[in-house]
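Q: Questions regarding the structure given below will be posed in turn.
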Amino acid sequence: MIVGLHHVQQRGHDPRAGHPERVTEGDRAAVRVHLLQRDVALVHDRDDLGRERLVELDDVDVLDAHPGAVDSAGCHVQTSTAKRHCHPERATDRSRYDAKHPPRAGDEGVFFGPTVSVTDGDTLHARIQGVVMEFRLADIDAPESDQPFGSRARDELRSLVHGQQLVLVFVDVDRYGRVIADVWVNDVYVNREMARRGAAWFYAQYARNEALFEVENQARTAKLGLWSLPKDQRVEPWVWRERKREAAKVDR
């Protein structure tokens, strides 16, 4: 029985107990994230005497899974076949959470740990079971650090998560290896709060639902946060990034 991924799971186990600790859905999510980031992973296993050892991923059946993270619907494209298929048992029902019923540490399919740092208005690092992981807030896009309101957006996110224990509901993994997540601090849904404060746009291109679209509209109408800037300074982050890429091509 595999206890968990090396560098993701480092929990102790007393061989006299006769069985390892129960593997949770949160562990499975961590496994999926790690598999996506590495072609060969090391996992904790135990020999017949209960002694811990490390073996390569190719030598074991990791949690009855194959490489590739799944999205919140439980679907992904299998690397070996290039075909999309779904695992209903891995789906994450994000809609079941709200301010009255927020996710809690120990819930199936969530990460839990303290904030380590805030990169910008939609990216942070948290320590999950002793490992620092990078998370990208789902469904929103905050101003880049070098554009108007970028530093303010970072400060808004920092004010929400600094020194806090985070509960992070897994949504997906992006092409940079960051975990896309709904971030909660107690009963505060941080993604929504960033949009409510006018510190981020609703990210329609990648959003899985339109719940935050109306929140953005309310902030826009009230001229909160970035919506108080002159119109020529309110540049969508995805447009800002594309302009920078085009400018870089010209400079070559």
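Q: Hey, can you grab everything whose amide H is under 5 Å from the amide H of residue 122? Only 5+ residues off in sequence or another chain; H modelled, so Pro and N-termini drop out.
A: 142
Q: Right, here's the next one. In cubic angstrom, how much convex hull volume per residue do the alpha carbon atoms of the range 123-191 span?
A: It is 96 Å³ per residue.
Q: Kindly write out, for the range 101-106 in residue order, the coupling ³J(HN,Hα) from the Karplus curve 6.51 cos²θ - 1.76 cosθ + 1.60 (θ = phi - 60°), rounded to whole Hz, with x marking Gly and Pro.
A: Here the 3J(HN,Hα) series is 9, x, x, 10, 4, x Hz.
Q: Also, quick follow-up: Taking the Cα centre of the range 110-244 as the origin, how large is its charge dipole in debye, to the nearest 20, when only Lys and Arg (+1) and Asp and Glu (-1) carry charge on their Cβ atoms? Walk me through the intermediate numbers first.
A: On the way: 18 positive and 20 negative charges, 51 e Å.
For the range 110-244, the charge dipole is close to 240 debye.
Q: Moving on. Pop out the Kirkwood hydrodynamic radius of the range 110-244 from its pairwise C-alpha distances, inverse of mean 1/r, in Å to one decimal.
A: 14.8
Throughout, read-outs are computed from the coordinates displayed, never taken from laboratory work. Treat the numbers as computed from the prediction; the structure is a model and nothing was measured. Note that each Cβ is placed from the backbone with ideal geometry, even for glycine, and that neighbours are counted across all protein chains shown.
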